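Engineer: This is the structure, below, for whatever I ask next.
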Amino acid sequence: MSHWDGTCLRALSQDWLLWLTVSIYIGLRLFVRSGDAVPWFVQEFGDTDIDMLGGFLSFFLVLFVNQTNTRFFEMYNKSMDCQGRICDIASLIGTNLPRYQSARIVRYLNAAHAAGYVGLSKTYTQTSFFDEINRRQNLLDKNEMERISKTYMDRGPGAFREISEWCMMEVKRARDANYVEGREAGAIREKILQFRASMDALYDYCDQPIHFFYIHFLSLLSALYLPLFAIDNAYSAGA
């Protein structure tokens with residue numbers, strides 16, 4: 001309960017609607033406890049049933065939460081698919097390609113995986129996320145970083161797609177050198193494309209968020225209902 005970062009406490013502390021609702025309730029309770037006559041419009045609020053509006057709002061909130069949870073788990077599964085495809089490719093190339101070439105492909109795949117998350121949002125940036133991982137794991141060397149910097153990693157999926165193409169070119173070089181047969185090379189390419197498709201699916205969710213009208217409607221209902229809810233409860237608590 002004492003955690004601040006990553007919890008709802010920070011958002012609630014900056015939410016004007018929360019403080020407005022609490023202020024209305026506290027102010028009205030102080031007014032009632034002081035013994036003054038309750039205004040006629042407050043009494044009318046107390047005599048009406050606003051629970052129907054609350055039930056209506058709760059119904060839409062449940063639908064909204066279900067949608068967001070469904071999107072979260074689908075995106076999580078896509079993220080785990082990326083990890084699974086990297087393991088599949090590592091197993092395929094580890095027994096067929098020379099060690100230096102298989103290590104390079106795995107290195108590129110892990111770099112593409114990390115770079116993919118950078119372009120999704122402002123949460124993970126190249127400076128705070130990718131560069132730190134690259135420093136620890138040595139995923140890309142200086143020349144490769146100079147080349148990938150032209151894709152502007154923070155702006156979208158260009159970096160991870162470019163690195164994925166490097167993997168495809170490595171498979172072509174291995175096929176030209178007869179390290180793998182055509183069928184094996186095709187299987188490796190298919191896994192690389194599946195990896196790229198799973199990461200691209202995360203960007204598809206970002207390009208199609210939950211409809212703004214739906215979110216705005218819930219916000220409007222909350223802004224109308226919560227002050228009435230505070231008045232009704234403050235009056236119903238009695239003197």
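The values are calculated or read from the model by the stated rules, or taken from the named source; none is laboratory data. Note that this is a predicted model, so its numbers are computed, not measured. Every residue, glycine as well, gets a Cβ built from its backbone with ideal geometry; the counts of neighbours run over all protein chains shown. Side chains included, ligands, DNA and RNA excluded: accessible areas come from the protein's heavy atoms. Shrake-Rupley method; radii C 1.70, N 1.55, O 1.52, S 1.80 Å.
Engineer: Looking at the structure I just gave you, is Phe160 on the phi < 0 side of the Ramachandran plot, touching a Phe, Trp or Tyr at 6+ places or on another chain (Cβ under 9 Å) and exposed (fewer than 14 other Cβ atoms within 10 Å of the Cβ)?
Structural biologist: Values: on the phi < 0 side of the Ramachandran plot: yes; touching a Phe, Trp or Tyr at 6+ places or on another chain (Cβ under 9 Å): yes; exposed (fewer than 14 other Cβ atoms within 10 Å of the Cβ): no.
The answer is no for Phe160.
Engineer: Working carefully through the options Ser121, Ser128, find the one that is polar (S, T, N, Q), touching a residue at least 24 places away in the same chain (Cβ under 8 Å) and either exposed (fewer than 13 other Cβ atoms within 10 Å of the Cβ) or under 18 Å from Met199 (Cα atoms) (or both).
Structural biologist: Criteria check complete, one pass: Ser121.
Engineer: Output the residues belonging to the stretch 169-186 that are crowded, with 16+ Cβ neighbours inside 10 Å and assigned to a helix (DSSP H, G or I). Give the steps one after another, and end with the answer.
Structural biologist: Residues of the stretch 169-186 that are crowded, with 16+ Cβ neighbours inside 10 Å, as a first pass: 170-171, 174-175, 179-180, 184-185.
If the condition is that a residue be crowded, with 16+ Cβ neighbours inside 10 Å and assigned to a helix (DSSP H, G or I), then Glu170, Val171, Ala174, Arg175, Glu184, Ala185 are the ones that fit.
Engineer: So which residues in the stretch 187-236 are touching a helix residue (DSSP H, G or I) at 6+ places or on another chain (Cβ under 7 Å), among the β-branched types (Val, Ile, Thr) and in a helix (DSSP H, G or I)?
Structural biologist: Once the filter is applied, which keeps residues that are touching a helix residue (DSSP H, G or I) at 6+ places or on another chain (Cβ under 7 Å), among the β-branched types (Val, Ile, Thr) and in a helix (DSSP H, G or I), the stretch 187-236 yields Ile188, Ile192, Ile231.
Engineer: Taking the stretch 134-156, which residues are within 10 Å of Ala111 (Cα to Cα), in a helix (DSSP H, G or I) and open to solvent by less than 50 Å² (accessible area, probe 1.4 Å)?
Structural biologist: First pass over the stretch 134-156, keeping only residues within 10 Å of Ala111 (Cα to Cα): 134, 137-140.
Applying the additional criterion that residues be in a helix (DSSP H, G or I) yields 134, 137.
Across the stretch 134-156, the qualifying residue is only Asn134.
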